[in-house]
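Inspection log for the structure reproduced underneath, given as structure tokens.
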Amino acid sequence: MWPFTTTKKSIVNSRFLKTGLKIIDLLFPLPIAGDVLLTGDSRSGIKTLGIEIANRLMNSPEKSFELVVYLDSWISEVEAEAHELDAALPNCKNIRVVESITAEELDGHLQQIKSKQNIAVCLMSDRSSLVHHFREAIRIRRNSSQPKQSLLSMVIGEKIDDVTFDAVLYSSRMIASQGIYPALDINKSFTKSLIGNSSDADLEKVAHDVRQALVLITSQLEEKSLSDASWAFNTDHDKRAIGQVLRFISQPFFTAEKYTGLSAAFVPSKTAMRDFQNILAQKYLDLPPQNFLYKNELEPQSRQ
């Protein structure tokens, strides 16, 4: 692992991104001006989740970001990847294929952006040397920029082991194999932003209960567990709500609407909190499993 030292400017503790993704905003709120890593198992949807978050940053109804994306030239079939990014992020005019990145190059690219606030810089790479140089360029830029500028950095790559990030979203192949996306591994994902910054006791309580439920059920996941009619979390009255929680962390992506036909949405944390709270209170035990898969929120009639 490359040595790296974070600075006081790397995170603004009291300010979180509102991605509108239920499981992220509830359990792993991302710092609005910090360093975020998306990593995990191969074929678990890491890249897809990273592109979705980037799309939501650009189109947030509350606080939108100008976006710069660096694509590692060492990636296999990099040109096809670049075309895929163009299609998924049609409003992003700052997608660059790079072999390396310096602080001077980063500064030059950011100076071309008209907005002086809320900039997100993303790197898609599995290469540790490039990740190191990218983060060093971000650190130098933060130390030299005006305090009012929010500079978020996001690294997207498989199996990157680095705990110096302010938040890590780790994607699990086992959860993805159940058809659940985002497929976050509850035990390996984390955010430092929560330390000493909780201001909503109800939200904290629901987040704790959801986390405990997910830790329990994911420890017992096997191939095709959710589709197994005899699995305890599908049949046992006392465990069925926990199975519903796992299904309900799934959510439609804006970048996948044309493929799935499912409409995505920015889901407020309060809405997600209410629905998870009702699930854990066992209010929907008689509803079929599909009622919880890829829902932005529970149907109004389910809350009667």
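Add +1 for every Lys or Arg and -1 for every Asp or Glu among the other residues with Cβ under 12 Å from the Cβ of Val98, and state the total.
Net charge around Val98: -1.
Under the rule that an exposed site lies in a DSSP loop and has at most 13 other Cβ atoms within 10 Å, name the longest stretch of the chain with no GluC sites (Glu not before Pro) of that kind, not counting the sites themselves.
Longest gap between qualifying sites, sites excluded: 100-221.
Note down the net charge around Ser269, summing +1 for each Lys or Arg and -1 for each Asp or Glu among other residues with Cβ under 13 Å from its Cβ.
Charge balance near Ser269 sits at -3.
Keeping all protein chains in place and using 1.4 angstrom, which order do Asp41, Asp72 fall into by accessible surface area, from largest down?
The residues order as Asp41, Asp72, largest area first.
As a check on your grasp of the helix formula, calculate [θ] at 222 nm for the chain: sum -39500 (n - 2.57) over DSSP H runs of n ≥ 4, divide by the residue count, round to the nearest 500.
-10500 deg cm²/dmol
Does region 179-304 come out rounded, prolate or oblate by the C-alpha gyration tensor, with a ≥ b ≥ c the root eigenvalues, rounded set by a/c under 1.5 and, if not, prolate when a/b is larger than b/c and oblate if not?
Judged from the Cα gyration tensor, region 179-304 comes out rounded (a/c under 1.5).
Which is the longest run of the chain containing none of the chymotrypsin sites (Phe, Trp or Tyr not before Pro) found in DSSP loop states (not H, G, I, E, B) with at most 14 other C-beta atoms within 10 Å?
The segment 75-304 is the longest one with no such site.
Once you've got the GNM for the chain with C-alpha springs shorter than 10 Å, pick whichever of Val215, Val245, Val68 has the biggest mean-square fluctuation.
Of Val215, Val245, Val68, the Gaussian network model singles out Val215 as fluctuating most.
Send over a whole-number figure in Å² for the accessible area per residue of region 119-169, probe 1.4 Å.
36
Which ³J(HN,Hα) values, rounded to whole Hz and listed in residue order, are derived for region 172-180 from phi using the Karplus coefficients 6.51, -1.76 and 1.60 in 6.51 cos²θ - 1.76 cosθ + 1.60 with θ = phi - 60°, glycine and proline given as x?
10, 5, 4, 5, 4, 5, 7, x, 9
Which of rounded, prolate, oblate describes region 40-171, given a ≥ b ≥ c as roots of the alpha-carbon gyration tensor eigenvalues and a/c under 1.5 marking rounded, otherwise prolate only if a/b is larger than b/c?
Here region 40-171 falls in the rounded category.
Just the number, please: carbon plus sulfur as a percent of the accessible area of the chain, 1.4 Å probe, no ligands or DNA/RNA counted.
In the chain, the share of accessible area belonging to carbon and sulfur is 50 percent.
When only C-alpha pairs under 8 Å and at least 6 residues apart count, what is the relative contact order of the chain, in percent?
23
For the chain, set up a Gaussian network in which alpha carbons nearer than 10 Å are linked by springs, and say which option among Thr271, Thr39, Thr19 fluctuates the most.
Thr271
Assuming a ≥ b ≥ c are the square roots of the Cα gyration tensor eigenvalues, decide whether the chain counts as rounded (a/c under 1.5), prolate (otherwise, with a/b larger than b/c) or oblate.
Taking the square roots of the gyration eigenvalues as a ≥ b ≥ c, the chain is prolate.
Scan around Leu123 for amide H atoms under 5 Å from its own, H built in the peptide plane at 1.01 Å from N, and keep only partners 5 or more places away or cross-chain.
Sorted by chain and number, the residues that satisfy this are Tyr70, Met154, Val155, Ile156.
List the trypsin sites (Lys or Arg not before Pro) in region 147-248 that DSSP assigns to loop (not H, G, I, E or B) and whose Cβ has at most 13 other Cβ atoms within 10 Å. Which are they?
Here the trypsin sites (Lys or Arg not before Pro) that fit, given the DSSP loop and packing criteria, are Lys148, Lys159, Lys224.
The values are calculated or read from the model by the stated rules, or taken from the named source; none is laboratory data. A quick note: this is a predicted structure, and the numbers were derived from the prediction, not measured. Glycine gets a Cβ as well: all are built from the backbone with ideal geometry, and neighbour counts include every protein chain shown. Protein only, heavy atoms only, side chains kept; ligands, DNA and RNA dropped before computing areas. Shrake-Rupley method; radii C 1.70, N 1.55, O 1.52, S 1.80 Å.
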